[in-house]
1. What list of ³J(HN,Hα) values in whole Hz, one per residue of the stretch 298-305 in order, does the Karplus curve 6.51 cos²θ - 1.76 cosθ + 1.60 (θ = phi - 60°) give from phi, with Gly and Pro shown as x?
2. Please report Rg (one decimal) and Dmax (integer) in Å for the Cα set of the stretch 295-434.
3. Measure off 7 Å from each Cα along the Cα-to-Cβ vector at Leu175 and Val520, then give the distance between these two points in nanometres to one decimal.
4. Rank these by accessible area, largest first, 1.4 Å probe: Leu184, Leu290, Leu411.
5. Report the label-to-label distance for Arg393 and Ala331 in nanometres (one decimal), using points 7 Å from each Cα along the Cα→Cβ vector.
6. Around Gly129, under 10 Å between beta carbons, what's the net of Lys plus Arg minus Asp minus Glu among the other residues?
7. Arrange the residues Ile46, Ile406 by how much accessible surface each exposes, largest first, with a 1.4 angstrom probe.
8. Return, for the Cα atoms of the stretch 155-252, the radius of gyration and Dmax in Å, separated by a comma.
Amino acid sequence: MSTGRGALRGDPAALRAQRPLPRGLGLLLVLLVWEAVARATAGSFIIAAPSQIAGYMVSHPGLLWRAFGATLASAVQGFVWGNLAGVLLALLAVLLPRGERLLSTLALLVFCLPLVATGPILRVLYGPGSGPQVTLAALAVYYTTFLPVLVGLRAAPQGWFDLVRSYGRGRMTALREVRLPAALPYLVAGLQIAAPAAFLGAMVGEFTGAERGLGVLTVRALRALDLPATWAIAVIAAGVSMLAFAAVGALGRRLDLAPPEVLMAPPVARGRRPWEAPAQALLALAATLLIWKGSMELFALPRFFAKRPEDVWLYLVTGPGAEAQRARLFAALGETLALAGPGYLAGLGLGAGLALLLALAPRLGAAVIPLSIALRSIPIIATAPLIVWALGRGAAGTITVVAVMIFFPTLIACQHGLARTPRAVLDLFEVYATSPLRRLLGAQLPAMLPAFFASARMAIPAAILAVTTAEWLATGRGIGALMATVASTSDYGMLWSAIALVGLAAVLAHALVAALERAVLARTSAEQLAR
């Protein structure tokens, strides 16, 4: 308080202490340090200097511009279609609460399809053109919008729903008048997270045989060990993603998304029938197998590359050589999960911890948030090899890749959750002159938990994407490398078996997180569990 009073009295020392750095000076310092570090480590093939990156951009403007235009067009289309699908799925889940588990499971399974494996299959299905890029961009974003919007559709005071029912109105009125306004801030968070993901999905789609795009240039640069080109593409991708992130955030601020009133809901009853959860799980499994086989038969896809469920069962269980193939697949999956788990936990902890730290020291956000956006916006297909080259092909490099992939969506989701703390609750803590830490633990942390668990569920497929990409492009081990190898040798039995096994592992991990989420939110955010 003394600093604030000194500033109000015009104390020169206090004014100098609060005066921000001149605009652009911080960026100049970063560039100078970057240049110095790159020059000092020139022989390690890790960091390209800003001068080298600028030189490459100046000498190849036409090539970069054409590639950027192709990737941006695919990313924008995928962004629109993917987010539209995510919002519609969330609306269906709220309007049809009994079908939510089935809907969420199917959405998760599709989102968990490894891009390393689905890219080549989509290229075979679509042939030449931008179809795989647009589809992968849409697949990369729809789930990141589905979960936050679903949380937001439930983040409304119970009294509002009681008021709607007292007037004899039904679900559609409650959706239009209560749920949609409450979900708007969460939609903004989902769109901000989706912006870098759409660009990444489009670039991965270009890895599968596209004729042009930044993904094609990335493949060429990595194969040629062209460090300035690799970093130039990464900088372009990061810049576009940061601009999209800032634009969505500015739109959210213009909408003046105020926090809700106090969210009060009755305790959640625990009288669920013991057979209900297994029955829903079996229903989800049956629906998945039916859609899998039905889509193959509907489009008359040849069995050579479009394997059916029974083909996978034959390959892994009853067919010739099934035991050896099973052993190979499970060994690769075990190696992958051993690295994905620690990276997943590290990314969640870093993202949530950083959000809480910024709530206590908001001035740090001016430095931390841009750096975080930059780290997440650089496509993982460019950063994974660089991180692994820097930290080695052991566990540290892959775990770091996974953590980098996860921490930014968790940070953004948790920040939006903290911002949803009801104003009346904060005023109550202010009246009692509680410390910032006490306010954080007593009011803001419980408000953050629904967003944190939504990000924890989103992070499961992100961890799979990160670890398989690192294995594919850098380490040469694990199920990511296995899928890349068998795709190149047309061993589609192993490829589809790997996809099925990865999807099953993701669903089991999601079920564990959902069980923990239900146990915690039943005590802190009962409105999220109301049906």
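1. Using θ = phi - 60°, the values come out as 4, 9, 6, 6, x, 5, 4, 10 Hz.
2. Values for the stretch 295-434 (Cα only, Rg and Dmax): 22.9, 73 Å.
3. My value for the distance between the label points is 3.0 nm.
4. Ranking Leu184, Leu290, Leu411 by accessible area, largest first, yields Leu290, Leu184, Leu411.
5. 1.6 nm
6. 0
7. Ile46, Ile406
8. 21.6, 69
The values are calculated or read from the model by the stated rules, or taken from the named source; none is laboratory data. What you see is a predicted model, and the numbers here were worked out from it, not measured in a lab. Methodologically, a virtual Cβ is constructed for each residue, glycine included, from the backbone with ideal geometry; neighbour enumeration extends over all protein chains shown. Each accessible area value is taken on the protein alone, full model and side chains, heavy atoms only, with ligands, DNA and RNA left out. Shrake-Rupley method; radii C 1.70, N 1.55, O 1.52, S 1.80 Å.
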